[in-house]
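A.B. asks: Dropping a structure here in structure tokens format, bear with me for questions.
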Amino acid sequence: MFREIRRKDRILDNELAIRLLEEAEYGFLAMSGINGYGYGIPINYVKEGDSILFPLRSEGISWMSTRNPKVSFTVVGATQIVPGKFTTGYESTIAFGEMHLDLPEEERRYALRLLVNKYSSAFKEIGEKYIEKSFYRTNILRLDISHISGKCKRLSQ
């Protein structure tokens, strides 16, 4: 169902691919766009279990509800460009799955707390006030992961 990585020597084992997905700061959410064009956005997120949660302004998801719910999400870890060798070292993970909108209020609050913990863990008390202040204009999208693929190119020093 999912395309195999052509270069088997570049496969990032599943455990490292998941760790990269858990630890990266942001990624790119790719989905079906308007008029047949793909649409990708850079976005903050948090991984929880077999799902990825994304914060988005409520008005930002109205156009998505009529599109294909199958999406992918890509994160890139460390990169190293080697100009003289015309190559780049990298590590990346792509998660494929189905996007869910209109989550229950309890799940949205939980997701926002996870995001505060990931990005602002030293400010949880202030984060809680921020969640309450902006809760009704913020939505959460949940990507339920069907498949994860990791790829890397390690360069010798």
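A.B. asks: Can you give the accessible area of Phe96 in Å² (nearest 10), computed on protein heavy atoms with a 1.4 Å probe?
C.D. replies: 60
A.B. asks: Please identify the longest segment of the chain free of exposed GluC sites (Glu not before Pro), where exposed means a DSSP state other than H, G, I, E or B and no more than 14 other Cβ atoms within 10 Å.
C.D. replies: Counting at most 14 other Cβ atoms within 10 Å as exposed, the longest clean stretch of the chain is 26-157.
A.B. asks: Also, I was wondering about something else. I'd like the accessible area for Phe28, computed on protein heavy atoms only with a 1.4 Å probe and all protein chains in place. Round to 10 Å², please.
C.D. replies: Phe28 has an accessible surface of roughly 100 Å² with all protein chains in place.
A.B. asks: If you don't mind, there's one more thing I want to ask. Would you please give the residues with an amide H less than 5 Å from that of Ser51, counting only those at least 5 places away or on a separate chain, with H modeled from the backbone geometry?
C.D. replies: Ile145
A.B. asks: When the Karplus curve 6.51 cos²θ - 1.76 cosθ + 1.60 is applied with θ = phi - 60°, which whole-Hz ³J(HN,Hα) does each residue of segment 30-43 get, with x for Gly and Pro?
C.D. replies: 10, 8, 6, x, 8, 6, x, 7, x, 9, x, 10, x, 7
A.B. asks: Lys133 to Ile34: extension gain in nm, 0.36 nm per residue of separation minus the Cα-Cα distance? Display every interim value, and only then the final one.
C.D. replies: Values: separation 99, 0.36 × 99 = 35.64 nm, distance 3.24 nm.
Fully extending the segment from Lys133 to Ile34 adds 32.4 nm.
A.B. asks: Rounded to the nearest 500, what is the 222 nm mean residue ellipticity of the chain from helices alone, with -39500 (n - 2.57) per DSSP H run of 4+ residues and division by all residues?
C.D. replies: Taking each H run of at least 4 residues, the total per residue is -7000 deg cm²/dmol.
A.B. asks: Shifting gears a bit: Over its Cα atoms, what ratio of radius of gyration to 2.2 N^0.38 Å does the chain give? Let's see the in-between values first.
C.D. replies: Values: Rg = 17.2 Å, N = 157, 2.2 N^0.38 = 15.0 Å.
Normalised Rg, Cα atoms only: 1.15.
A.B. asks: Could I ask something else about it? Starting from the amide H of Gly89, placed 1.01 Å from N in the peptide plane, find each other amide H under 5 Å away whose residue is 5 or more places distant or on another chain.
C.D. replies: Those lying under 5 Å, H to H, from Gly89 are Gln80, Ile81, Val82.
A.B. asks: If you don't mind, there's one more thing I want to ask. Ignoring ligands, DNA and RNA, what percent of the 1.4 Å accessible area of the chain is carbon and sulfur?
C.D. replies: Solvent-exposed carbon and sulfur of the chain make up 52 percent of the total.
A.B. asks: Taking H placed 1.01 Å from N in the peptide plane, check which residues at least 5 places from Gly33 or on another chain put their amide H under 5 Å from its amide H.
C.D. replies: The list, which skips near neighbours in sequence, is Gly38, Tyr39.
A.B. asks: Now a separate question. So how do Ile148, Ile126 rank on accessible area, 1.4 Å probe, biggest first, that is with the largest at the start?
C.D. replies: Ranking Ile148, Ile126 by accessible area, largest first, yields Ile126, Ile148.
A.B. asks: Excluding same-chain residues fewer than 8 positions from Lys85, which lysines have a Cα within less than 22 Å of its Cα?
C.D. replies: Here the lysines satisfying the reach criterion relative to Lys85 are Lys8, Lys151, Lys153.
A.B. asks: To continue, here is another question. About its Cα centre, how strong a charge dipole does the chain have in debye, to the nearest 20, once Lys and Arg get +1 and Asp and Glu get -1 at the Cβ?
C.D. replies: In total the dipole reaches around 660 debye.
A.B. asks: Then there's this: Just how much of Tyr130 is accessible, in Å², when a 1.4 Å probe is used and the result is rounded to the nearest 10?
C.D. replies: For Tyr130, the solvent-accessible surface is approximately 150 Å².
The values are calculated or read from the model by the stated rules, or taken from the named source; none is laboratory data. Only a predicted model underlies this, so the values are computations on that prediction, with no experimental measurement involved. Note: ideal-geometry Cβ built from the backbone for every residue, glycine included; neighbour counts use all protein chains shown. Each accessible area value is taken on the protein alone, full model and side chains, heavy atoms only, with ligands, DNA and RNA left out. Shrake-Rupley method; radii C 1.70, N 1.55, O 1.52, S 1.80 Å.
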